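Working notes, beginning with the structure itself.
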Amino acid sequence: MTADVLSEVLSAVRLTGSVFFDVTAAAPWVAEAPPSAEIADAVMPGAQHAIEYHVVTQGSCWISLVGGAPFEPVQLREGDIAVIPHGEPHAVSSAPGMRAEPNLDLHRRSNGDSDLPFKLKTGNDRASDAHLICGFFACDVRPFNPLLEALPRFMRIGRGASPATDGLLEQFIRVASADIRDKRAGAQSVLNKLSELLFIEAIRSHMDELRTENIGWLSALRDPLVGRAIALLHAQPVRSWTLDELAAESGASRSALASRFTQLMGYPPIQYLTRWRMQLAAKRLNERGAKIAAVAQEVGYDSEAAFSRAFKKFSGKSPSEWRSQ
């Protein structure tokens, strides 16, 4: 159930990946990334949000979040994947505590994907002692992205996390190294898809590490009761669910489901259904030729007027305004 729900959400928020930088470095070196909001449209045109990632294919380095609450530097070793879900500014360097001025010009494309990945060499003139492949994941955050809300500020997945992670990482490094070197036909598409698989595997690894006391959407998916309820809502989003029906089909009492769901998610099940419907509708409204009346029916509303009121109340824009913007 949870795997299907996760796949549906990743599709609804339009997750896409991109390999952007091929970095070789020789100590001492440092590169600092600005907040992803400042570069999202440049690196992933049309993206609402950009998530940055770094894969260490050789050597080691340090990464530090440099905005917001204090964050201790983390060492990344060969085979590690670092993901910054909320796009915070961060520094990647040969030693902890190093800083640099972000270079926004580095993130500008001139010929679309044909430019990518940009080859960068940083540090001194000696032979490189570190190699990184860096890129971005684009996704929608509005009107509803339960996954992004549930992710921490920083994710590090090391080699050995699971056989699946190791296998994907090895394949990514092998294919990336060959395609970046040889510029084979279709290389960029292959690398982008592999990076998306790495992100999904990073989410799975993060879910495996969650404790029973954790809250949020990913914890809710793992919960036997709430996970069943969420899977039912995703399986039939157009159904006029009541709390009693959802509780009965989830195998719990009305009060038990309402209490546990709200404890993990912060709001009740039917409100989750409304939010999910709005995200499904937003995705459809982005598609050329989609009629508002048809979208309304597809997400469970009997009338266009009722759907338009609900959509505007939740997103702040009418369906027609959302589509035009």
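Quick notes on this one:
- Any hit, segment 156-171, residues being open to solvent by 70 Å² or more (accessible area, probe 1.4 Å) and either modelled with pLDDT of 90 or more or in the same structural domain as residue 278 (by the TED database) (or both): yes
- Among the residues listed as 183, 193, the single one being assigned by the TED database to the domain that holds residue 11, basic (Lys, Arg), at pLDDT below 95 and more than 19 Å from the chain's Cα centre (by Cα): 183
- Qualifying residue in segment 265-288 (condition: β-branched (Val, Ile, Thr) and in contact with a Pro (Cβ under 6 Å, 6 or more places away or on another chain)): no
- Considering residues of segment 49-85 that are open to solvent by less than 10 Å² (accessible area, probe 1.4 Å) and among the acidic types (Asp, Glu) only, the residue nearest to residue 174 (Cα to Cα): 80
- In this entry, residue 197 passes the filter for residues that are touching a helix residue (DSSP H, G or I) at 6+ places or on another chain (Cβ under 8 Å), under 21 Å from residue 152 (Cβ atoms) and open to solvent by 40 Å² or more (accessible area, probe 1.4 Å).
- Taking segment 154-194 as the range and being small (Gly, Ala, Ser) and out of contact with any helix residue (DSSP H, G or I) (no Cβ under 7 Å at 6 or more places or on another chain) as the test, the residues that pass are 158, 167, 177, 178, 185, 186, 189.
- Of the residues 296, 310, 305, the single one that is open to solvent by less than 50 Å² (accessible area, probe 1.4 Å) and free of Cβ contacts under 8 Å to residues at least 24 places away in the same chain is 296.
The values are calculated or read from the model by the stated rules, or taken from the named source; none is laboratory data. Keep in mind that this is a model prediction, so the values were computed, not measured. FYI the Cβ positions are ideal-geometry reconstructions off the backbone, even for glycines, and counts take in every protein chain you see. What goes into the accessible areas is simple: the full protein's heavy atoms, side chains included, and nothing from ligands, DNA or RNA. Shrake-Rupley method; radii C 1.70, N 1.55, O 1.52, S 1.80 Å.
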